[in-house]
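These notes are about the structure you will find just below.
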Amino acid sequence: RARWRRAVALLREFEEGCATPPARLRQVVDAMVVEMHAGLASDGGSKLKMLLTYVDALPTGNEDGIYYSIDLGGTNFRMLRVEVVAGSVVTSRKVELPIPEELTNGTIEELFSFVAMALKDFVETEDGKDDHRALGFTFSFPVKQASVSSGSLIRWTKGFSIGNAVGKDVAQCLNEALARSGLNVQVTALVNDTVGTLALGHYHDEDTVAAVIIGAGTNACYIERTDAIIKCQGLLTNSGGMVVNMEWGNFWSSHLPRTPYDISLDDETQNRNDQGFEKMISGIYLGEIARLVLHRMALESDVFGDRADNLSIPFTLSTPLLAAIREDDSPDLSEVRRILQEHMKIPDIPLKTRRLVVKVCDIVTRRAARLAAAGIVGILKKLGRDGSSMSSSGRTRGQPRRTVVAIEGGLYQGYPVFREYLDKALVEILGEEVAQTVVLRVTEDGSGVGAALLAAVHSSNR
Ligand code: ADP
Ligand code: MG
């Protein structure tokens with residue numbers, strides 16, 4: 001009995017450590033705004049890199065032609081063929097391949113040869129060998145862009161670690177690999193996945209001002225006025241604005257609810273001390289946080305019996321499994337039983353212990369979704385669209401404008417409970433009235449289709 005109490009005590013402690021009451025979320029919102037300003041003021045001014053994208057023109061609907069895009073930056077590698085006629089996307093074809101694990105820590109030439117060969121097969125099943133095509137390259141890692149079609153890798157995230165790639169122009173490396181494979185395709189837009197998502201979101205709805213990804217990792221971008229990008233004096237664009245890639249996964253604030261399990265998780269990763277926000281929110285990490293909690297319970301109590309060996313192996317509990325545990329609505333939690341047995345090799349445990357496991361998964365999910373909501377409100381606040389500065393921006397109260405945030409990613413799209421928690425937190429932070437003016441709009445394949453559209457915008461400009 002005392003040992004059951006120990007497990008419950010650990011649960012309570014974890015729950016308290018993860019607490020995100022509205023007051024705390026508002027502190028996170030304000031910290032996000034402060035860091036956004038700092039990151040825009042100078043390079044290295046904040047953990048938020050606030051990277052220039054050189055995307056100052058989003059697709060307008062006047063694009064035409066056949067474009068390709070590839071999306072590299074997480075679990076899968078995706079290729080798209082997009083045909084745009086008179087401004088509407090009429091056909092698109094998609095192929096998705098898992099990235100072989102060994103390619104995520106080999107050399108950049110090996111990775112890009114794999115990409116080029118796959119793209120060659122893909123292109124040649126559709127188009128003639130010699131047709132010249134523009135390629136949108138979605139590369140979802142922090143990149144210091146030199147132009148809309150070139151930029152060097154700042155560092156890897158999400159478990160990638162290819163030593164000889166940091167500092168290199170990834171578009172040039174890919175162009176070289178494409179040339180080596182004899183493909184007449186060239187990168188005309190090198191974009192972050194958030195930027196592709198924003199491009200497609202904006203294409204469908206002009207009120208779209210920001211984009212958020214919550215998948216394997218998490219990140220956001222938004223449209224900033226060039227005169228607010230202080231670190232780049234004299235930046236001139238036709239639109240007066242530019243998309244800024246926040247790299248918000250690396251956001252950090254003392255107001256974030258950090259637990260000892262977050263510290264253990266950080267220690268297991270290749271990018272220690274980085275991507276702190278991402279490690280509390282995104283798909284690669286949520287299951288692992290829950291596993292660390294369950295493992296400690298197994299060590300300090302007997303609730304999982306003495307055969308819970310798998311609980312000691314990092315990353316055995318994936319986030320889709322965590323989601324399935326949380327979403328099991330059968331009265332006897334039979335799905336939880338099955339997952340624990342099949343995936344974690346935990347023999348049959350009593351219902352009350354299965355409930356404990358569900359609760360752990362719930363706490364991890366809730367904190368993640370609510371922190372993501374706070375991040376979104378941070379962007380809205382920076383843009384003066386959170387309802388708090390309506391009068392100062394010349395708009396009278398009671399006439400709020402509509403704001404659309406494009407959003408995608410496997411976690412957001414595949415996990416309804418996560419979505420519900422996020423939506424609910426938005427209302428808690430913004431209030432019912434303002435929250436009604438904010439639309440989160442899911443873009444399907446936005447990062448890919450959007451990148452192809454940006455490739456179109458920037459190939460016709462040449
Ligand atoms: P990326 O484009 O970065 O590879 P995705 O947007 O495809 O990522 O999302 C993949 C991630 O989403 C996976 O890491 C996984 O953890 C998470 N995910 C996918 N499906 C689900 C689901 N049904 N429930 C919870 N998480 C999911
Ligand atoms: Mg993605």
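What follows is calculated from the coordinates using simple rules that are stated; it is not laboratory data. The shown structure was predicted, so the numbers you read here are calculated from the model rather than taken from an experiment. No Cβ is skipped: glycine too gets one built from the backbone with ideal geometry, and neighbour counts run over all protein chains shown.
Positive end of the dipole of the chain (Cβ unit charges, origin at the Cα centre): among Thr75, Gln186, Ser264, the Cα lying farthest that way belongs to Ser264. Net charge in the neighbourhood of Leu174 (other residues with Cβ under 14 Å of its Cβ; Lys, Arg +1, Asp, Glu -1) is -1. Taking 20 °C and 1.002 mPa s as conditions, the stretch 89-238 diffuses translationally at an estimated 125 µm²/s according to Stokes-Einstein applied to its Kirkwood radius (Cα pairs). Selection among Gly249, Ile223, Gln233 by position relative to the dipole of the stretch 200-289 gives Gln233 as farthest towards the positive end (Cβ unit charges, Cα centre). Each of Lys359, Lys47 was scored by other Cβ atoms within 10 Å of its Cβ. Arranged with the fewest first, they read Lys359, Lys47. With semi-axes defined as the square roots of five times the eigenvalues of the C-alpha gyration tensor, the equivalent ellipsoid of the stretch 1-159 measures 40, 24, 18 Å, largest first. Membrane-span-like helices in the chain (whole DSSP H runs, Cα extent of at least 18 Å along the helix axis, mean Kyte-Doolittle hydropathy of at least 0.5): 22-41, 108-124, 283-300, 351-382, 446-460.
Among Thr208, Thr259, a tally of other beta-carbon atoms within 10 Å of each Cβ gives an order, fewest to most, of Thr259, Thr208. Relative to the Cα centre, the charge distribution of the chain, modelled as +1 at Lys and Arg Cβ and -1 at Asp and Glu Cβ, gives a dipole magnitude of about 1440 debye.
Residues Cys173, Cys232, Cys361 in ascending order of nearby Cβ atoms (within 10 Å, fewest first): Cys232, Cys173, Cys361.
The alpha carbons of the chain give a radius of gyration and a Dmax of 22.7, 74 Å, in that order.
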